[in-house]
1. Considering each of 75, 131, 116 in turn, give the residue that is buried (at least 18 other Cβ atoms within 10 Å of the Cβ) and farther than 16 Å from residue 249 by Cα.
2. Scanning the stretch 119-128 for residues that are part of a loop (DSSP other than H, G, I, E, B) and more than 22 Å from the chain's Cα centre (by Cα), which turns out nearest to residue 248 (Cα to Cα)?
3. Give just the number: which of (1) over 20 Å from residue 248 (Cα atoms); (2) modelled with pLDDT of 90 or more; (3) in a loop (DSSP other than H, G, I, E, B) does residue 82 not satisfy?
4. Do the conditions hold for residue 230, that is, is it modelled with pLDDT under 95 and under 19 Å from residue 80 (Cβ atoms)?
5. Please go through (1) without any contact (Cβ under 8 Å) to a residue 40 or more places away in the chain; (2) touching a strand residue (DSSP E or B) at 6+ places or on another chain (Cβ under 7 Å); (3) over 17 Å from residue 28 (Cβ atoms); (4) in a strand (DSSP E or B) for residue 152 and return the number of the only condition it doesn't satisfy.
6. Quick check, is residue 111 in a helix (DSSP H, G or I) and at pLDDT 90 or above?
7. Out of the stretch 228-253, which residues are exposed (fewer than 15 other Cβ atoms within 10 Å of the Cβ) and assigned to a helix (DSSP H, G or I)?
8. I need a count of the residues in the stretch 191-204 that are touching a strand residue (DSSP E or B) at 6+ places or on another chain (Cβ under 7 Å) and surrounded by fewer than 18 Cβ atoms within 10 Å (Cβ to Cβ).
């Protein structure tokens, strides 16, 4: 769940031209315009002046193998090119933080982070390659241009529009292209995205054969840079786990698979 979620957590745009109605152009063009400002934050070779972003996202619905306790979890994220990212989420009754600041990664509360690391037997292995982007992104800036082509989008003569929280949104339903779905063993993947005027995604639904998750996207902002204090532990904090960027993916995976978990829930028994 982590890798897909990590890509979706930041997929939004506030810099697109304002519109009074939901976008009705070609669905592949809509997907491209949603992702366009994201590449200025996650990838090099961009002309965008905005190299940082912040957002919060609420896990509105869950089903299947995902624990019902995850429902309602709110995550807060910040990212800045080329080497900074932070994610905060409720885990084990506290607000967990995982942050990369250049060549250093820290997480807190440190004692509970270490406990979770010791319990998860299946997690991404440490990344031995130096990260040249804030998080691992499996595409280059050149390849990102063609990202919409990786999806198989359901099309109809009349664009589907739904009201979401009082706002009319274009709703797109997509799977992965057959070759990619087979290669990633995700033939069952289906996603729906609610797109507000200005190519701003408001909701993302992920459907797999064994789980469903609905994410409501809130408070998205793109800016040139964020304050240096964003990437530092709070003043006076002492219970901090320190490591290197090689462990970043593992820590994010553990956090995402432990949302709102209690120790008795043993989330490490269910992660895949």
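1. Selected residue: 75, the only one of 75, 131, 116 that is buried (at least 18 other Cβ atoms within 10 Å of the Cβ) and farther than 16 Å from residue 249 by Cα.
2. Applying the filter and picking the extreme gives 128.
3. Condition (1) is where residue 82 drops out.
4. The answer is no for residue 230.
5. (3)
6. yes
7. Correct list: 228, 229.
8. The qualifying residues number 1.
The values are calculated or read from the model by the stated rules, or taken from the named source; none is laboratory data. From a predicted model like this one, the values you see are computed outputs, not experimental measurements. Backbone-built Cβ (ideal geometry, glycine too); neighbour counts: all protein chains shown.
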